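Enquirer: Provided herewith is a single structure, encoded as structure tokens, for subsequent inquiry.
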């Protein structure tokens with residue numbers, strides 16, 4: 001068993017050295033004619049340090065230091081998500097998955113089924129920064145409900161059917177981008193933004209989606225808001241959604 005940590009050192013220390021340089025040489029970088037004094041100087045210097053330090057965060061999975069890191073599901077999570085199998089013990093099956101030819105069961109409340117292919121299904125995906133899903137939709141009305149992926153961008157291709165898709169941008173604009181997709185069409189959902197797909201055809205629909213993370217995460221909006229554990233105080237949701245309290249309490253019983 002080996003440990004495989006992501007190669008985040010380059011980005012981190014590059015950013016840290018930049019922060020340190022600006023912090024140390026603040027006096028030389030700030031024009032001498034700038035209006036400042038000894039009492040007010042520490043604030044902008046500290047503010048600049050924090051602002052620059054915030055750029056060290058990365059929105060994508062860091063790269064691996066090895067050719068691959070076949071995940072071992074037995075031990076606890078560590079570092080980039082999984083412990084690594086000894087590369088000498090890896091086999092072709094560690095990079096293989098079979099079953100995406102099979103339709104998912106859409107007999108549920110939303111009429112859709114997501115079949116994931118990530119590091120849990122293909123151990124060899126660990127640290128490679130990608131994953132895949134198959135989505136099946138019931139005839140007219142099959143919905144992959146509004147949700148977001150906090151750690152991954154999604155690119156979706158329609159294999160069969162006709163889908164009404166869209167995503168909403170962040171505050172304050174909340175712009176809505178939407179499109180009707182047919183077989184062979186492709187659409188991108190940016191990382192972290194709320195999006196959905198609805199089957200508007202008379203037959204079942206199928207789509208495949210690639211995601212830019214081995215574990216992009218998923219937050220289904222209705223489930224998170226009305227089905228949290230423990231429940232959110234109804235007074236919060238009543239005011240946030242401008243609904244009667246009894247409506248909120250009813251919705252909380254549905255998730």
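The values are calculated or read from the model by the stated rules, or taken from the named source; none is laboratory data. None of these values were measured; they are calculated from a predicted model. Reconstructed Cβ throughout: ideal geometry from the backbone, glycine too, with neighbour counts over all protein chains shown.
Enquirer: Consider residue 139 carefully, then state whether it is assigned to a loop (DSSP other than H, G, I, E, B) and loosely packed, with under 15 Cβ neighbours inside 10 Å.
Expert: Values: assigned to a loop (DSSP other than H, G, I, E, B): yes; loosely packed, with under 15 Cβ neighbours inside 10 Å: no.
Taking the combined requirement at face value, the residue does not satisfy it.
Enquirer: If you scan the range 120-136, which residues turn out to be outside any loop (DSSP other than H, G, I, E, B) and surrounded by fewer than 18 Cβ atoms within 10 Å (Cβ to Cβ)?
Expert: 132
Enquirer: Now for a different question. With the checklist (1) out of contact with any strand residue (DSSP E or B) (no Cβ under 7 Å at 6 or more places or on another chain); (2) in a loop (DSSP other than H, G, I, E, B); (3) surrounded by 15 or more Cβ atoms within 10 Å (Cβ to Cβ) in hand, flag the one item residue 213 doesn't pass.
Expert: Of the numbered conditions (1) out of contact with any strand residue (DSSP E or B) (no Cβ under 7 Å at 6 or more places or on another chain); (2) in a loop (DSSP other than H, G, I, E, B); (3) surrounded by 15 or more Cβ atoms within 10 Å (Cβ to Cβ), the odd one out for residue 213 is (1).
Enquirer: Continuing with the same structure: Which of (1) closer than 20 Å to residue 106 by Cα; (2) in contact with a helix residue (DSSP H, G or I) (Cβ under 6 Å, 6 or more places away or on another chain); (3) surrounded by 17 or more Cβ atoms within 10 Å (Cβ to Cβ) does residue 163 not meet, given it meets every other one?
Expert: All conditions pass for residue 163, except number (2).
Enquirer: For residue 85, only one of the following conditions fails: (1) farther than 30 Å from residue 162 by Cα; (2) modelled with pLDDT of 55 or more; (3) under 18 Å from the mean Cα position of the chain (by Cα). What is its number?
Expert: (3)
Enquirer: Report, ordered by the first and then the second residue, all pairs with beta carbons closer than 8 Å, sequence separation of six or more or different chains, a first member in the range 206-219 that is outside the structural domain of residue 156 (by TED's automatic domain parsing) and without any contact (Cβ under 8 Å) to a residue 60 or more places away in the chain, and a second member that is assigned to a strand (DSSP E or B) and surrounded by 18 or more Cβ atoms within 10 Å (Cβ to Cβ).
Expert: none
Enquirer: List every residue pair whose Cβ atoms lie under 6 Å apart, where the two residues are 6 or more positions apart in sequence or sit on different chains, the first residue falls within the range 128-148 and is farther than 29 Å from residue 95 by Cα, and the second residue, located anywhere, is outside any loop (DSSP other than H, G, I, E, B) and at pLDDT below 95.
Expert: Correct list of pairs: empty, since none qualify.
Enquirer: Which residue out of 136, 173 is under 30 Å from residue 96 (Cα atoms) and either outside the structural domain of residue 113 (by TED's automatic domain parsing) or modelled with pLDDT of 95 or more (or both)?
Expert: Details: 173 fails: under 30 Å from residue 96 (Cα atoms).
From the options 136, 173, the qualifying one is 136.
Let's see how each residue does on (1) at pLDDT 95 or above; (2) closer than 30 Å to residue 61 by Cα; (3) over 25 Å from the mean Cα position of the chain (by Cα):
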{"residue": "196", "(1), (2), (3)": "yes, yes, no"}
{"residue": "205", "(1), (2), (3)": "yes, no, no"}
{"residue": "208", "(1), (2), (3)": "yes, yes, no"}
{"residue": "215", "(1), (2), (3)": "no, yes, no"}
{"residue": "222", "(1), (2), (3)": "yes, yes, no"}
{"residue": "228", "(1), (2), (3)": "yes, yes, no"}
{"residue": "235", "(1), (2), (3)": "yes, no, yes"}
{"residue": "238", "(1), (2), (3)": "yes, no, yes"}
